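Step one of this worksheet: look at the structure below.
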Amino acid sequence: PIWKSYLYQLQQEAPRPKRITCPQEVSASVSLYTVDNYAGFHGTISREYADELLAGAEGAYLIRESQRQPGTHTLALRFGHQTLNYRLFYDGKHFVGEKRFESVHDLVTDALITLYIETKAAEYIAKMTTNPIYEHLGYTSLLKDKMVHRLSRGRTEPRRVTFQRDERISSPLVRRSALKDTPEKQCSYEKIHNFKVHTFRGPHWCEYCANFMWGLIAQGVRCSDCGLNVHKQCSKLVPSDCQPDRRRIKKVFSCDLTTLVKAHNTTRPMVVDMCIREIELRGMKSEGLYRVSGFSEHIEDVRLAFDRDGEKADISASAYADINIIAGALKLYLRDLPIPVITFDLYSKFIQAAKIPNAESRLEAIHENLLQLPPAHYETLRYLMAHLKRVTMFEKDNLMNSENLGIVFGPTLMQPPEQNALTTLNDMRQQKLVVQLIIEHEDVLF
């Protein structure tokens with residue numbers, strides 16, 4: 001891409017700060033500036049006198065104590081042939097707005113750059129997002145094509161189904177479904193960028209609009225998952241196509257589900273796949289599977305192993321003979337997700353669906369809610385429910401049926417947005433019922 005230099009040139013032209021020192025002792029309230037004998041502090045002076053001291057020198061500044069509010073401080077700054085007055089704060093760093101600075105000099109330097117650029121290039125800044133270079137970088141399109149191709153081979157599209165009663169079957173709810181001929185949404189593992197304010201050392205250009213990111217600190221935002229650098233205003237226009245860099249993902253447990261699967265280019269989290277594979281290999285007949293707890297110290301060891309070694313973590317029988325440790329680690333992983341498998345925004349819809357008295361209508365509602373899950377969450381839940389259905393087939397040995405598993409996994413897979421103990425207690429019956437029904441009807445619901 002061709003990086004645009006206009007804003008960089010303007011930053012170089014911006015006025016330089018000039019501190020106006022006070023030649024005499026000042027009378028003022030005890031403050032940071034009196035204790036430190038700050039040379040730019042002029043004590044209690046009027047706006048008019050401050051304006052006289054700063055007149056004729058672009059970038060000149062001083063600090064004064066407010067006459068109207070003794071004990072508070074004002075930064076007086078000369079810019080554009082006028083004196084601008086800002087309430088000045090200190091909490092270990094100096095600030096007048098969101099940005100915090102180690103020194104008043106840095107604060108003024110940044111303010112002059114921002115004022116100069118936003119005055120000189122207001123129209124340019126307003127239009128700089130209209131012709132972005134983002135789609136031409138190659139970075140996003142290449143990774144997106146690779147991911148869509150990978151996932152198209154790895155998962156089944158969600159089916160929209162209608163539940164119908166069959167009079168020939170005595171069961172109150174018939175386990176048959178008719179596929180609707182309605183188009184389904186294209187499922188791809190979209191992920192929004194995890195932007196955070198960032199201070200760039202040295203000149204940096206926005207990877208969305210190709211313009212310079214101006215200022216002394218906090219010039220823009222960086223995605224903490226993939227490293228994309230953009231202006232704060234450009235971040236609102238960047239598509240939801242974050243491709244996390246594995247080097248930036250520090251752990252497996254407590255990591256956002258979609259972030260983890262995109263970083264590792266998998267359809268489901270490795271923890272889910274590996275733990276279920278191990279359990280189905282040697283634990284399906286274990287009495288109280290998922291209900292009996294393993295030793296918490298050993299479960300913690302498994303968590304550390306995944307965080308340290310990823311898919312190379314050893315969870316075999318030689319490392320952990322007790323299958324309840326592996327089952328406990330899987331439950332811990334699901335419980336510690338920052339966004340549960342059944343997401344916060346769909347929680348109340350699933351709870352309301354569980355309260356529907358008619359069985360067919362209840363399943364219809366649950367099915368509609370499942371289709372609204374993010375693709376990575378949908379695929380993880382589908383795989384887990386198919387596994388739990390197979391667990392119930394060994395009920396004679398493990399004593400675990402769909403109701404028991406609903407009790408265990410209800411609060412693990414779905415949590416209310418507000419962590420309210422009373423809400424959780426009131427919803428426990430519905431949480432259990434939602435998971436129980438999904439297990440029992442997983443072949444139809446997915």
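The table below lists the values:
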{"read-out": "Candidate set from region 38-65 (those that are farther than 20 Å from Asp106 by Cβ and small (Gly, Ala, Ser)); member that is most open to solvent (accessible area, probe 1.4 Å)", "value": "Gly56"}
{"read-out": "Residue check for Thr412: buried (at least 16 other Cβ atoms within 10 Å of the Cβ), within 24 Å of the chain's Cα centre (by Cα), of a type in the set (S, T, N, Q) and within 24 Å of Asp301 (Cβ to Cβ)", "value": "yes"}
{"read-out": "Check on Glu118, surrounded by 12 or more Cβ atoms within 10 Å (Cβ to Cβ) and free of Cβ contacts under 8 Å to residues at least 40 places away in the same chain", "value": "yes"}
{"read-out": "Top-ranked residue in region 348-378 [being polar (S, T, N, Q) and closer than 21 Å to Pro416 by Cβ; ranked as surrounded by the most Cβ atoms within 10 Å (Cβ to Cβ)]", "value": "Asn369"}
{"read-out": "Yes/no for Tyr86 being assigned to a helix (DSSP H, G or I) and open to solvent by 30 Å² or more (accessible area, probe 1.4 Å)", "value": "no"}
{"read-out": "Unmet requirement for Met400, which otherwise passes all of (1) of a type outside the set (Val, Ile, Thr); (2) modelled with pLDDT of 95 or more; (3) not in a loop (DSSP other than H, G, I, E, B)", "value": "(3)"}
{"read-out": "Hits in region 188-242 - residues which are under 19 Å from Glu118 (Cβ atoms), open to solvent by less than 20 Å² (accessible area, probe 1.4 Å) and of a type in the set (Phe, Trp, Tyr)", "value": "Phe200, Phe212"}
{"read-out": "Search result, residues across region 359-386 that are among the basic types (Lys, Arg) and over 20 Å from Arg268 (Cα atoms)", "value": "Arg362"}
{"read-out": "Residues within region 257-269 that are assigned to a helix (DSSP H, G or I) and either under 12 Å from Ile315 (Cα atoms) or among the basic types (Lys, Arg) (or both), tallied", "value": "1"}
{"read-out": "Pairs with Cβ under 6 Å, 6+ apart, first in region 357-379 and more than 16 Å from Glu440 (Cα to Cα), second surrounded by 21 or more Cβ atoms within 10 Å (Cβ to Cβ) and charged (D, E, K, R)", "value": "Glu379/Arg268"}
{"read-out": "Lone qualifier among Ile279, Ile299 - being open to solvent by less than 20 Å² (accessible area, probe 1.4 Å), at pLDDT 95 or above and among the aliphatic types (A, V, I, L, M)", "value": "Ile279"}
{"read-out": "Sole residue being without any contact (Cβ under 8 Å) to a residue 60 or more places away in the chain, closer than 23 Å to Pro411 by Cα and in a loop (DSSP other than H, G, I, E, B), chosen from Ser286, Ser293", "value": "Ser293"}
{"read-out": "Residues of region 247-256 classified as closer than 15 Å to Ser224 by Cα and crowded, with 18+ Cβ neighbours inside 10 Å, total", "value": "3"}
{"read-out": "Subset of region 66-83 (residues that are surrounded by 13 or more Cβ atoms within 10 Å (Cβ to Cβ) and closer than 19 Å to Gly215 by Cα)", "value": "Leu75, Leu77, Arg78, Phe79"}
{"read-out": "Flag if Glu418 is among the acidic types (Asp, Glu), crowded, with 17+ Cβ neighbours inside 10 Å and either closer than 27 Å to Asp256 by Cβ or in the same structural domain as Phe350 (by the TED database) (or both)", "value": "no"}
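Residue by residue, here is whether (1) assigned to a helix (DSSP H, G or I); (2) charged (D, E, K, R); (3) open to solvent by less than 10 Å² (accessible area, probe 1.4 Å); (4) farther than 22 Å from Val261 by Cα holds:
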| position | (1), (2), (3), (4) |
| --- | --- |
| Ile325 | yes, no, yes, yes |
| Lys331 | yes, yes, no, no |
| Leu346 | yes, no, yes, no |
| Thr380 | yes, no, yes, no |
| Leu384 | yes, no, yes, no |
| His387 | yes, no, yes, no |
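The values are calculated or read from the model by the stated rules, or taken from the named source; none is laboratory data. Being a predicted model, the structure only gives us computed values, none of them experimental. Using ideal geometry, Cβ is built from the backbone for each residue, glycine included, and neighbour counts are taken over all protein chains shown. Please note that ligands, DNA and RNA were not included when accessible areas were found on the heavy atoms of the full protein model with its side chains. Shrake-Rupley method; radii C 1.70, N 1.55, O 1.52, S 1.80 Å.
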